[in-house]
């Protein structure tokens, strides 16, 4: 018995305006990008100061 191979569909194009999950993932990706850019751009002392400022009331 032979089966015809079907093409594997691993992606699809979506309009972000119509899909809330795409909008959420865009925000998460942007926040992660800014987070990692800050880590790369700042030295250890600056990062410690930033971290401390987040915990101060």
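All of the numbers you see were taken from the coordinates with simple rules; none came from a lab. The structure presented is a predicted model; accordingly, all values stated were derived computationally and were not measured. Counting neighbours? That spans all protein chains shown, and the Cβs are built from the backbone with ideal geometry, glycine included.
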Longest principal axis of the chain (C-alpha) makes with the long axis of helix 44-55 (C-alpha) an angle, in degrees to the nearest 10, of 90 degrees
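Given N residues in the chain, what is its alpha carbon radius of gyration divided by 2.2 N^0.38 Å?
Working: Rg = 21.2 Å, N = 57, 2.2 N^0.38 = 10.2 Å.
Here the answer is 2.07, to two decimals.
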Which order results if 48, 12 are arranged by neighbouring Cβ count within 10 Å, fewest first?
-> 12, 48
Estimated distance in nm for a label pair at residue 48 and residue 11, the labels positioned 7 Å out from Cα along Cα-to-Cβ = 4.3 nm
